[in-house]
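Here the structure comes first, spelled out in structure tokens, and everything after it is commentary.
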Amino acid sequence: MFPQRLPYAATLEYAGLCIQARQVGGDYYDFLSLGRDRLGIVIGDIAGKGMPAALLMANLQANLRSQCATALDAPERFLSSVNQLFRESTPDSAYATLLYVEYDDRTQRLRYANCGHLHGLLLRVDGSLDRLHTTATVLGFFDEWQCAIDEHALHAGDLLVLYTDGVTESFNASGDEFGEDRLLEGLRRRRDLPAGSLLDSIVDEIRRFSPHEQYDDITMIVARCRTAL
């Protein structure tokens, strides 16, 4: 269910990874070709685990892909339609967090909506940190649903990181969580690695920190802005 091909972007190097806690899980990530040099980057987390969560994830993916033709001109309407379709086709108790990012390959700007998901991290080339804060409630819970769109400019060397709670809530034998601080420290140490290598290295660190049985899906996306090839 995860993307097998990465849409081309001249000014963005990116990769995604999901390691499921069971044979199937409820985490979701995707890369959508939106046309006009725009790329959609999506990460989400379905409430629940196992096969029920995986079926809901497949439903959400289908809704996103079927509606994404409207995303470019009206992202708020696009996400509102996804919410409505997801709510109409799932049980009342079903919901999902979602972080949707649209990247413009020509202007190196991103627009995003954070629907109850963990804050995205934007590590600037100068060492500062911006966050992609919540702009809407979760998907699938409310008939009356609205979202706001926020925007950031990117510069060569800036690193965008999206992740689910299986990353930061992995815990060690003492019950300590891996946490955002360890994640940020690891990202800063490795920020010059290629995107795929950076993901693998972070996951290796999480597994060394938390070597016991994995209890939640671990899903991450990293994207580095670069000068055009």
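Throughout, read-outs are computed from the coordinates displayed, never taken from laboratory work. Small disclaimer: the values here were computed from a predicted structure and weren't measured.
Backbone amide hydrogens, once placed in the peptide plane, bring His117 within less than 5 Å of Leu98, excluding anything fewer than 5 places away on its chain. For the chain, DSSP calls about 95 percent of its internal beta bridges antiparallel.
The phi torsions of region 167-177, fed into the Karplus equation with coefficients 6.51, -1.76 and 1.60 and a -60° offset, translate into couplings of 6, 7, 9, 5, 10, 9, 5, 8, x, 7, 7 Hz, rounded to whole numbers, with Gly and Pro shown as x.
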